[in-house]
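Right, one structure below, let's go through it.
The values are calculated or read from the model by the stated rules, or taken from the named source; none is laboratory data. As the structure is a computational prediction, the values presented were derived from the model and not from experiment. Heads up, the Cβs are rebuilt from the backbone with ideal geometry, glycines too, and the neighbour counts pull from every protein chain shown. Quick note on the areas: whole protein, heavy atoms, side chains included, nothing else; ligands and nucleic acids left out. Shrake-Rupley method; radii C 1.70, N 1.55, O 1.52, S 1.80 Å.
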Amino acid sequence: MNLTQILEAVIFVSAQPVKKSEIIEILKKEADEEGEIPQEADVVEALDNLLKKYEADHYPFEVRKVAKGYQFFTKQPYYPYVKHAALDRNQKRLTRAALETLSIMAYRQPVTKAEVEFIRGVNCDYAVQKLLEKKLVEI
């Protein structure tokens, strides 16, 4: 494995921007087991190579330097397609609590949150919020 591929994998799995210092710490932890410690200059050079690599038009994503870290982003022309894929996936799933809350609201409408909580016997703030986000209920 080369350093660029390792950095690519670390940045890819992170939901937040990965700072250079975090990358170096990860490399040091792994190097303790293998014995090799990459220099900071090598890490900076590999990160610059990643930025240049994904500037090419044949990649639908890029690596950007944001918030003093590095993160993968979808390139602008592909955004509408990715947006629909992400929204469709997000709108399909309901937790059991959300489904119970929705069924109570559908059966007893109009109903207040307090009445739903009384019927369920638990706080339903999160379930109601998710149902509102998915536009399955309205106030």
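Recomputing P(r) over Cα pairs in 10 Å bins from 0, in percent from the coordinates shown identifies the correct label among [x] 10, 28, 17, 17, 17, 9, 1; [y] 11, 41, 34, 13, 2, 0; [z] 11, 37, 29, 17, 6, 0 as [x]. In the structure shown, the pairs Lys68/Lys130; Lys68/Lys135; Lys52/Lys75 are assessed against 24 Å; a Cα-Cα span above that value is assigned to Lys68/Lys130; Lys68/Lys135.
A simple spin-label model places the labels of Tyr126 and Tyr81 3.5 nm from each other, with each point 7 Å out along Cα-to-Cβ. Within the listed set Val111, Val63, Val43, the residue fluctuating most in the Gaussian network model of the chain (springs between alpha-carbon atoms under 10 angstrom) is Val111.
If only the Cβ of Lys and Arg carry +1 and only the Cβ of Asp and Glu carry -1, the dipole of the chain around its Cα centre is close to 1000 debye. At 1.4 Å probe size, with every protein chain present, just tell me what the per residue accessible area of the chain comes to in Å². It amounts to 76 Å² per residue over the chain. Measuring nothing but protein heavy atoms, the accessible surface of region 1-116 at 1.4 Å probe radius is 53 percent carbon and sulfur. Shown is the FRET efficiency for Glu22 and Ile139, computed with R0 = 35 Å from the Cβ-Cβ distance and rounded to the nearest 0.05: 0.25. Springs join every pair of Cα atoms under 10 Å in this Gaussian network model of the chain, and among Glu115, Glu40, Glu62 the largest mean-square fluctuation is at Glu115.
For the pair Gln5 and Lys53, the difference between a 0.36 nm per residue extended length and the Cα-Cα distance amounts to 16.1 nm. In this structure, Val44 and Arg93 have a Cβ-Cβ separation that, at R0 = 41 Å, corresponds to a calculated FRET efficiency of about 0.50.
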